[in-house]
Amino acid sequence: MSAGADKPSTSLSALDRKLLKLLLVPNGDLKSSKSLSTKLGIPITTVRRRRKRLESLFLVNFPCQTSVTILFY
């Protein structure tokens, strides 16, 4: 058995790349699954499933919250 057998696949499809591109837009606009679904022309369940997978693979969380106590420490 190979050493990487327990690791999930990190290959990205064209759709995954499009989704990441929309999620990582630097304007701070947080995207809902519904708006992403409409923009990409795919079912909302597909957006949710792929978004969850991408978040677990790359440890990204949307939306990002910052603690005020950390900012003014």
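The values are calculated or read from the model by the stated rules, or taken from the named source; none is laboratory data. This structure is a prediction, so every number in the text was calculated from the model and none was measured. Glycine gets a Cβ as well: all are built from the backbone with ideal geometry, and neighbour counts include every protein chain shown.
With respect to the stated conditions, Leu19 is aliphatic (A, V, I, L, M), modelled with pLDDT of 70 or more and either in a helix (DSSP H, G or I) or touching a strand residue (DSSP E or B) at 6+ places or on another chain (Cβ under 6 Å) (or both). Entry remark, the stretch 58-73: residues being farther than 19 Å from Val25 by Cβ, hydrophobic (A, V, I, L, M, F, W, C) and either at pLDDT 90 or above or in a helix (DSSP H, G or I) (or both) number 3 in total. Restricting attention to the stretch 1-16, the residues being surrounded by fewer than 10 Cβ atoms within 10 Å (Cβ to Cβ) and modelled with pLDDT of 80 or more number 3.
Taken together, the residues in the stretch 22-57 that are under 27 Å from Ser11 (Cβ atoms) and modelled with pLDDT under 70 amount to 1.
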